[in-house]
Structure formats: structure tokens, C-alpha cells
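Single-structure report; data block below.
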Amino acid sequence: MSVQKREGGAVGRLTDLVLDCADPERLAAFWGSLLGVGVADRTDSFVELERLPNDMGLGFQKVPEPKVGKVRLHIDITAPDQDAAVERVIALGGRHVEDIKTWRVMTDPEGHEFCLLHEK
């Protein structure tokens with residue numbers, strides 16, 4: 001598959017995802033447990049996890065307003081054992097929403113959707 005580059009090139013590279021949330025500490029604990037990383041840095045309103053093996057960063061920013069509706073971005077996690085991953089998500093406070101084809105739609109404790117993909 002060939003990828004065409006846009007005229008002018010990239011302005012940079014994607015390095016981090018930040019989720020707005022009510023409780024950054026809780027979500028950092030949830031996602032850190034799922035991804036096997038600890039907290040790298042924290043302030044009163046922001047918690048950042050250690051860099052993931054692919055060098056992606058994941059942070060959690062406290063916002064005053066509640067989540068309303070579906071977030072239009074979600075994270076995909078490839079898991080070698082989807083059933084075990086679903087059980088772990090639920091044990092950590094997440095929720096199983098539905099199964100679609102070969103992936104499982106889940107939510108974290110604050111309702112951010114993500115998918116568990118089957119490892120190929």
C-alpha cells in the first residue's frame with residue numbers, strides 16, 4: 001500500500017494523547033495498569049504516564065465539565081488474549097460495552113471508549 005505525502009510535508013509527529021477527565025489519578029492508575037507503565041509526572045491537574053514502548057505518551061488532564069456524549073477519538077489496544085483482557089478491564093473499573101466483529105468495545109472508569117483488538 002502506497003501512502004501519498006501531502007504537499008508541504010508534516011508539521012511534526014504525533015507523540016502524545018491526552019484525555020480530559022474528572023480524576024486524572026484514577027485514570028492514570030487504570031491505564032497504567034492496562035499498559036504496564038507507571039506515572040512519569042504529575043501536577044495538581046495533570047498526570048502523565050511513562051512513555052509506552054512505541055514512544056507514545058498518554059496523559060490525563062483534569063477538566064471541570066463532565067463528559068457528555070461519545071468522545072470522537074478512541075484508543076485501540078491489541079491483546080494476545082481478549083477474554084483475559086476484558087476481565088482485567090472490568091476488574092480495574094472499566095466496562096465491556098459490546099463486541100463488533102473481532103474487537104471488543106470497552107470503556108475506562110470515566111466512559112472513554114477504547115477497543116481491544118485480537119493480536120494477529
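Laid out as a table, the results:
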{"read-out": "Of all residues making up segment 24-73, the number that are part of a strand (DSSP E or B) and under 17 Å from GLY94 (Cα atoms)", "value": "1"}
{"read-out": "Residue ID - farthest from SER33 (Cα to Cα), chosen from residues in segment 93-113 that are aliphatic (A, V, I, L, M) and loosely packed, with under 15 Cβ neighbours inside 10 Å", "value": "ILE100"}
{"read-out": "Verdict on VAL18 being assigned to a strand (DSSP E or B) and either exposed (fewer than 15 other Cβ atoms within 10 Å of the Cβ) or not charged (D, E, K, R) (or both)", "value": "yes"}
{"read-out": "Residue match in segment 59-78 (condition: surrounded by fewer than 18 Cβ atoms within 10 Å (Cβ to Cβ), over 27 Å from ARG13 (Cβ atoms) and in contact with a Gly (Cβ under 7 Å, 6 or more places away or on another chain))", "value": "yes"}
{"read-out": "When residues of segment 45-85 are limited to those that are in contact with a helix residue (DSSP H, G or I) (Cβ under 9 Å, 6 or more places away or on another chain) and of a type in the set (Asp, Glu), the one nearest to GLY111 (Cα to Cα)", "value": "GLU48"}
{"read-out": "Segment 101-117, residues that are out of contact with any Phe, Trp or Tyr (no Cβ under 7 Å at 6 or more places or on another chain) and in contact (Cβ under 8 Å) with a residue 12 or more places away in the chain", "value": "THR102, TRP103, ARG104, THR107, GLU110, GLY111, HIS112, GLU113, PHE114"}
{"read-out": "Any pair with Cβ under 8 angstrom, 6 or more apart, that starts in segment 66-95 at a residue that is within 15 Å of HIS112 (Cβ to Cβ) and ends at one that is assigned to a loop (DSSP other than H, G, I, E, B) and of a type in the set (A, V, I, L, M, F, W, C)", "value": "PRO66/ALA22; LYS67/ALA22"}
{"read-out": "Residue in segment 82-95 that is polar (S, T, N, Q) and more than 12 Å from the chain's Cα centre (by Cα) present", "value": "yes"}
{"read-out": "Residue within segment 28-49 that is touching a Gly at 6+ places or on another chain (Cβ under 8 Å), among the β-branched types (Val, Ile, Thr) and farther than 21 Å from ARG72 by Cβ present", "value": "yes"}
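Readers should treat all values here as calculations from the given coordinates under stated rules, not as data from a laboratory. None of the values given here were measured: they were computed from a predicted structure. No Cβ is skipped: glycine too gets one built from the backbone with ideal geometry, and neighbour counts run over all protein chains shown.
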